[in-house]
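One structure below.
The values are calculated or read from the model by the stated rules, or taken from the named source; none is laboratory data. All of these numbers come straight from a predicted model, not from anything done at the bench. Virtual Cβ from ideal backbone geometry, glycine too; neighbours counted across all protein chains shown. Accessible surface areas use protein heavy atoms only, side chains included; no ligands, DNA or RNA. Shrake-Rupley method; radii C 1.70, N 1.55, O 1.52, S 1.80 Å.
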Amino acid sequence: MAVTEKVRVWDAPVRLFHWSLLGLFAFSWWSGENHEMEWHRQSGLLILALLLFRLFWGLAGSRTARFAQFLKGPRTVLAYARKAADEHATDGHNPLGGWSVVALLLVLLTLVTAGLFSVDVDGLESGPLADYISFDAGRTAAEIHEAAFKAALALIGLHVCAIGFYQFLVGRDLVSPMITGRRERETGEAIEDVRWSPLSALIGLAVILALVWAVSKGFHFASAGDV
């Protein structure tokens, strides 16, 4: 298969989201296991910011970042699944990969949202929004938090297996493009470099960080008379 040049298929925000999420998920796991709950909360809030930004970027980002570009119907997904090993490289996520991304985002959003309301058995450690619900509801949120974590591990495991399948059995490198943003353009492939707006990314990120900061305070703000 002749190769002519490299084409940019992933923008910088998508790549930063991907690797930052991986690092923060691992750190959240470690901090939770070691009962470093303040670090665990801060890490969870950062993950929330990343997830909200990815949802925003799925609507306002570059071509391959947009949900409309990689979410396909059942027929397309099934047709791809039947001959995945024989398919050419796709422009961004393939039909199966697109839905796996959405599934992981939904599970992680469930994980983080439940964590915001969670309360431990003794009622000593709780999420920033736990005051808005009862103790029993907070315990239910904690159980959902744990179940969503296990589901996230399973989906991440499937993700790693899929990467290994393409990397070692199909011979298609999916890791390097997520680092450099570029992959080899195949002969006759008519796609252009992805383009994105840094201004849109900065505005979206600023709004999301403000929202997450408000969440971290439990939406309780000191008035001038309280200072």
Open item on the list: If I ignore ligands, DNA and RNA and count only protein heavy atoms, how much of Val107 is accessible to a 1.4 Å probe, in Å² to the nearest 10?
Closed with: 30 Å²
Task: Accessible surface, 1.4 Å probe, highest first, among residues Ser126, Ser43 - done: Ser126, Ser43
- [ ] Return the ratio Rg/(2.2 N^0.38 Å) for the range 117-227, where Rg is computed over Cα atoms only.
- [x] 1.69
- [ ] Taking the Cα centre of the range 1-78 as origin, sum charge times position over the Cβ atoms of Lys and Arg (+1) and Asp and Glu (-1), and report the length of that vector in debye to the nearest 20.
- [x] 560 debye
TODO: Kindly report, to the nearest 10 Å², the accessible surface of Arg182 as traced by a 1.4 Å probe over protein heavy atoms only.
DONE: 80 Å²
- [ ] Measure nothing but the geometry: give the 0 to 90° angle between the long axis through the Cα atoms of 12-33 and the longest principal axis through the Cα atoms of the chain, rounded to 10°.
- [x] 40 degrees
Open item on the list: What whole-number volume per residue, in cubic angstrom, does the convex hull of the C-alpha atoms of the chain give?
Closed with: 147 Å³
TODO: Please work out the average accessible area per residue across the range 39-137, using the 1.4 Å probe convention, and give it in Å².
DONE: 51 Å²
Task: the chain: calculated mean residue ellipticity at 222 nm from DSSP helix runs of at least 4, using -39500 (n - 2.57) - done: -20500 deg cm²/dmol
Task: Choice from Leu52, Leu124, Leu169 showing the highest fluctuation, given a GNM over the chain with Cα pairs closer than 10 Å - done: Leu124
- [ ] With a 1.4 Å probe and every protein chain kept in, tell me what percent of the accessible surface of the chain is carbon plus sulfur.
- [x] 66 percent
Task: Accessible-area ranking of Trp213, Trp29, largest first, probe 1.4 Å - done: Trp213, Trp29
Open item on the list: For the chain, take the longest principal axis of its alpha carbons; what is the angle in degrees between that and the long axis of helix 135-164, to the nearest 10 within 0 to 90?
Closed with: 20 degrees
- [ ] Name the residue, out of Leu111, Leu209, Leu158, whose mean-square fluctuation peaks in a Gaussian network model built on the chain with Cα pairs under 10 Å.
- [x] Leu158
Task: Exposure rank, largest accessible area first [Glu189, Glu33, Glu38; 1.4 Å] - done: Glu33, Glu38, Glu189
TODO: Given the options Ala141, Ala79, Ala68, state which has the largest fluctuation in a GNM of the chain using a 10 Å cut-off (strictly under) for Cα springs.
DONE: Ala79
